[in-house]
Structures are given as C-alpha cells and as structure tokens.
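These notes are about the structure you will find just below.
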Amino acid sequence: MKITRLERTVVVVPFIPGILPPPDYEEATPGYPQPLGERRQDIVRLHTDDGAVGKGMGGPYFGRRDLEEPDLVGRDPLEFEPRSLGGGPWDMALLDLIGQAVGWPLYRLFGGKARDRVPVDYWISRMGPEDTAAAATRAAAQGFHGIKMKCKWEDANVADRVFAAHEAAPDLRIVVDPNERFHTVENTLSLARELEGLDVIFEDPIPKGDSLAPYRRLVAEIPFPVAPHLQNPRQAIEAVHLKAADALNIGPAGWGFLDIARIAEAADIPVWQASNVDVGLHDAFRAHASAACPNCTLGSDLCGNFVHEHSLLAEPLVRDGCVTVTDRPGLGVDLDEEAVQRYAVDP
C-alpha cells in the first residue's frame, strides 16, 4: 500500500436550534471571536494505490487557514509507528490507514477494547432556565443519561438552570462547566451548597493556574464530584498527589488522552473524553480511544454528531446516549459524501 494523493475539504456545519447561546448570552472572547456556528473544520483524505482511503479531521477554527501537507506521497502507512501519531488531521488519517492495512479497528491499536459502548452526554451552551429545561427534555427523550451546560458566575442563573433541568428530566446527571469562570473557591462552594442532593458534577469551576491546590479544598468540601479539565500528564500526577480531583475531563485526543487516563486509573479516578464540539470523524476517533480506556465511565463530550445539522457521517454515531464502537478496520466509519459537499466552503 502506497499513498498516492492528499486531499483536503473545508466544511462549515451549522448547529441545530437550542444549542448555542441566544443573542442576550452571546459573547466574544479571544478564543472565540466569532459565533461557534461559523467555525470551519478540515476533512483530509490519504488516497492509496490499492484503493484504501485514510480519513482525518482537524480541530475547528475561524477564518481562512492554510493546512501544510506533509511529505507522504509514495510512503507506505505501515512505515509509521502508531504511537508516534497524534491527533492532527494527517496523523488521524494515517492511523485510519494503518488500521485498514492490518485489519484492526483503532481501539486495538490503542491497546484493546475495554468496553463496547462509550457513554456520551448531551451538550448546551449558556442560556436561560427555560431553554435549559427544553434542552434537558430533548436529551432525555433521545436516551441520554447526562447533560453538560456551559455557564459562568456572572450569569447569576446557574442554580436556577440546574433546578430547571432536574425538574424537566430528573434522571439526567448535570455537568456544570463554567470554563473556570466561577472564579473563586468561595463562589463555587456557595453554588454547591444550593445544589446539594442533586446528581451534579462541577467541571473546571475555578482557574488552575500553576497549581491545583485550590481544587483540594473543593474536593474535600463539595458533596458531589469535582472534575478539573486537564491537558497534560503532569497535571494528572499533581491532581492525584494532591487529591484534587474526583474525576477528570481529559482534553487531548488519541494517545494523549490515554496517557492521562492511565494515571487517573492508577488512582481509581473515573474520566471522560473532552471535545471541541466537532463533527463526525473527530468524535469517531475519540470514541476508539475512549473504548480502550477502562476508567472512561462518565459521559464523554462526543456531542458534535447531534448538536450540528449533520455529522457528515453516513450513519449516526451516537444512539441512546452511547457510541457503540465499530469493529470495522481503522476508524470504521463512512462519510456522507453528499453532505460533505453540501457543507463544503472555499479554503
């Protein structure tokens, strides 16, 4: 098998109604200077001389961006060590080809399947209690077991939203994610007291800075799980050492996810897989790593497939709040080519 051609398609897939912030909750930040619905993503393909095609996807971005093409034409995908390939679009496509070449689904490359089904939570952004209740109703009707809601202290409605979601769908676990914007330990503890007795997780409530030490107090005093969102193994080691986490939301995909998750596993800490609210291929890639992780037992953020107008996949990835991980080689998913062309834009 030799790679003969590289291909890139840029897509913009809008969100469905009821997911993104309504106008009075919209805000621009350095990381999100435009509405989420305007983000672009790159779909890449590696074509080979035997007809196999490796598929990959890059993370979302705003505006136009050049994508450097690596020197892969004429190379055999089996020349590459899988452990050296990260979560970038071309690396993902190479892993897909390697899996196809050896007849293995990606979860086997990642160490073997620990579970057939990866739990997934519903996802919504900042909004009011009424819209939150409507989203929780939708989530429960679609078979989800948890819902994540973005929020911040300044909204002054976090407790009201949690109560609204709980009343609308009492069996849903509610993950409250302010992206560190509860700001202080005291703010976080005051909200926790209001929500005591409910099935809640606080994700990343306060800034982590150079130390997770403040999280140790939150873990000790809050009666439900506190889960920092971590990006590297050093943070995970510190979280375990300080007893500063009841659970972890892990940012990197692929091998980076597994490296951090295994540190947490040694301390009996459950984890879930983060995302960038991507579509299709990225969620499928993350699902394989999650399936290879024994302690990935909490609802992961593989939500792009049901919060956008289309996943760009030929078959839905998430059903009844779970991904059933395929045994087909590589990523094991097909693109809906008509949908890809429908949402394609000029690079």
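Report every pair of residues separated by at least 6 positions or lying on different chains whose Cβ atoms are under 7 Å apart, first residue within region 147-165 and buried (at least 21 other Cβ atoms within 10 Å of the Cβ), second assigned to a loop (DSSP other than H, G, I, E, B) and among the acidic types (Asp, Glu).
Qualifying pairs under 7 Å: Ile147/Asp121; Lys148/Asp121; Lys148/Asp301.
List, please: which pairs have Cβ atoms under 6 Å, are six or more places apart or on different chains, and start with a residue in region 279-307 that is modelled with pLDDT under 95 and end with one that is assigned to a helix (DSSP H, G or I)?
Val279/Gly304; Gly304/Asp283; Asn305/Asp283
Looking only at helices (runs of 4 or more DSSP H) that lie completely in region 228-342, which have at least 2 residues being in contact with a Ser or Thr (Cβ under 8 Å, 6 or more places away or on another chain), on the phi < 0 side of the Ramachandran plot and buried (at least 21 other Cβ atoms within 10 Å of the Cβ)? I'd like the intermediate steps shown before the answer.
On the way: elements: 233-242, 254-266, 281-291, 304-307, 337-342.
Ranges flagged: 281-291, 304-307.
Just the residues that are part of a loop (DSSP other than H, G, I, E, B), farther than 19 Å from Pro270 by Cα and in contact with a helix residue (DSSP H, G or I) (Cβ under 7 Å, 6 or more places away or on another chain), please, taken from region 199-213. It would help to see each step written out before you state the result.
Restricting attention to region 199-213, the residues satisfying the condition of being part of a loop (DSSP other than H, G, I, E, B) are 199, 204-212.
If we keep only those that are farther than 19 Å from Pro270 by Cα as well, we get 206-211.
Within region 199-213, Ile206 is the sole residue that qualifies.
Looking at (1) free of Cβ contacts under 8 Å to residues at least 40 places away in the same chain; (2) hydrophobic (A, V, I, L, M, F, W, C); (3) more than 21 Å from Glu26 (Cα to Cα), which one does Ala136 not meet, given that it meets all the others?
All conditions are met except number (3).
I'm trying to understand the selection: among the residues of region 128-146, which are crowded, with 16+ Cβ neighbours inside 10 Å and either touching a Pro at 6+ places or on another chain (Cβ under 6 Å) or of a type in the set (Val, Ile, Thr) (or both)? If you could, list the steps in order and put the result at the bottom.
Of region 128-146, the ones crowded, with 16+ Cβ neighbours inside 10 Å are 128-129, 131-136, 138-140, 144-146.
The one that is crowded, with 16+ Cβ neighbours inside 10 Å and either touching a Pro at 6+ places or on another chain (Cβ under 6 Å) or of a type in the set (Val, Ile, Thr) (or both): Thr132.
Is there a residue in region 21-35 that is under 22 Å from the mean Cα position of the chain (by Cα), among the small types (Gly, Ala, Ser) and closer than 17 Å to His282 by Cα? Spell out how you get there, then give the answer.
Start the filter on region 21-35 by keeping residues that are under 22 Å from the mean Cα position of the chain (by Cα), which leaves 21, 26-35.
With among the small types (Gly, Ala, Ser) added as a condition, the list becomes 28, 31.
Checking the rest, the ones that are also closer than 17 Å to His282 by Cα come to none.
The answer is no, given that none of the residues of region 21-35 is under 22 Å from the mean Cα position of the chain (by Cα), among the small types (Gly, Ala, Ser) and closer than 17 Å to His282 by Cα.
Got at least one residue in region 173-192 being more than 18 Å from Ala227 (Cα to Cα) and either part of a strand (DSSP E or B) or in contact (Cβ under 8 Å) with a residue 24 or more places away in the chain (or both)?
Here is the first cut: in region 173-192, the ones more than 18 Å from Ala227 (Cα to Cα) are none.
Taking every residue of region 173-192 in turn, none turns out to be more than 18 Å from Ala227 (Cα to Cα) and either part of a strand (DSSP E or B) or in contact (Cβ under 8 Å) with a residue 24 or more places away in the chain (or both).
Check Gly18, Gly56 and return the single one that is within 22 Å of the chain's Cα centre (by Cα), outside any loop (DSSP other than H, G, I, E, B) and not assigned by TED's automatic domain parsing to the domain that holds Arg286. Spell out how you get there, then give the answer.
On the way: Gly18 fails: outside any loop (DSSP other than H, G, I, E, B).
Within the list Gly18, Gly56, the selection yields Gly56.
Out of all the residues in region 78-86, is one or more in a helix (DSSP H, G or I) and either at pLDDT below 95 or of a type in the set (Ser, Thr, Tyr) (or both)? Before you say what the answer is, go through the steps one by one.
Step one: filter region 78-86 for residues in a helix (DSSP H, G or I), giving 78-79, 82-84.
Pick out the ones that are also either at pLDDT below 95 or of a type in the set (Ser, Thr, Tyr) (or both) and you get 84.
Yes, some residue in region 78-86 is in a helix (DSSP H, G or I) and either at pLDDT below 95 or of a type in the set (Ser, Thr, Tyr) (or both).
Does region 93-115 contain at least one residue that is exposed (fewer than 14 other Cβ atoms within 10 Å of the Cβ), touching a strand residue (DSSP E or B) at 6+ places or on another chain (Cβ under 7 Å) and not aromatic (Phe, Trp, Tyr)?
Within region 93-115 (the criterion being exposed (fewer than 14 other Cβ atoms within 10 Å of the Cβ), touching a strand residue (DSSP E or B) at 6+ places or on another chain (Cβ under 7 Å) and not aromatic (Phe, Trp, Tyr)), the answer is no, since none of the residues qualifies.
The values are calculated or read from the model by the stated rules, or taken from the named source; none is laboratory data. Bear in mind that the values here come from a model prediction, so they are computed numbers and not experimental data. Glycine also receives a Cβ, built like all others from the backbone with ideal geometry; neighbour counts cover every protein chain displayed.
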